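Please read the structure below before turning to the comments.
Taken together, the values in this text are just the output of simple stated rules run on the coordinates, not laboratory data. Here the structure is a predicted model, which means the values were calculated and not measured. Positions of Cβ are generated from backbone atoms using ideal geometry, with glycine treated the same way; all protein chains shown enter the neighbour counts.
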Amino acid sequence: MIDKQLNREALDEHNRLRALHGCPPLQYDERLARDAQSWAENLARLKILKHSICDEYGENLATSMSTNKATMSGSQATQNWYNEIHQHNFDQQYQSGTGHFTQVIWKSTTKAGFGIQHSTDGHHVFIVGRYVPAGNVQGKFKENVPRPNSRRVSTHENKWSHNPSYCIYRLRELSIILHLSSISTVFMHWNKLIP
């Protein structure tokens, strides 16, 4: 069954990020979503992350694992794919390790659909994105992977606003610092009370 919320979140996040590069918005495609859902179910059953074999569409995959119930939203998967921008060199053609990012913003791609499935034990979740026309076409990178319009995309500030794992890491770090400073303050006051 197609997850409408996943598709809405993923499509909204794709289009927000594509706008940063001056790329037109993607349209939802029911057939792509149905096919993506079917492949996500296959991956969850096998508990492996493996691309399908088809030249008809582009494909992005994401997975999350947990000892409890694994979770991942459409916007989180999209942001994880997009974060490969930090390794991407806009002056080169295809580069290993940035294909998810380039598919997200591939300018000539017009339609997308997404699927999600948990493994039977709930410890794995798989998200599949399907795109038409497919991105990552050799010799077409220059015209389809434009630089971002805004410098903010590559700044440290972007990590705070768009990368949930980085944000959580920094908040935990800040929490520890605040907690330690509170303890220091308590000890300072305690030392003043006891001669």
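Computed quantities for the displayed model
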| item | result |
| --- | --- |
| Region 1-104, dipole about Cα centre (Lys/Arg Cβ +1, Asp/Glu Cβ -1), debye to the nearest 20 | 360 |
| Spin-label pair GLU143/LEU49, simplified geometry with 7 Å Cα→Cβ offset, distance in nm | 3.3 |
| Efficiency of FRET from Cβ geometry, GLN5 and SER66, R₀ 22 Å, rounded to 0.05 | 0.65 |
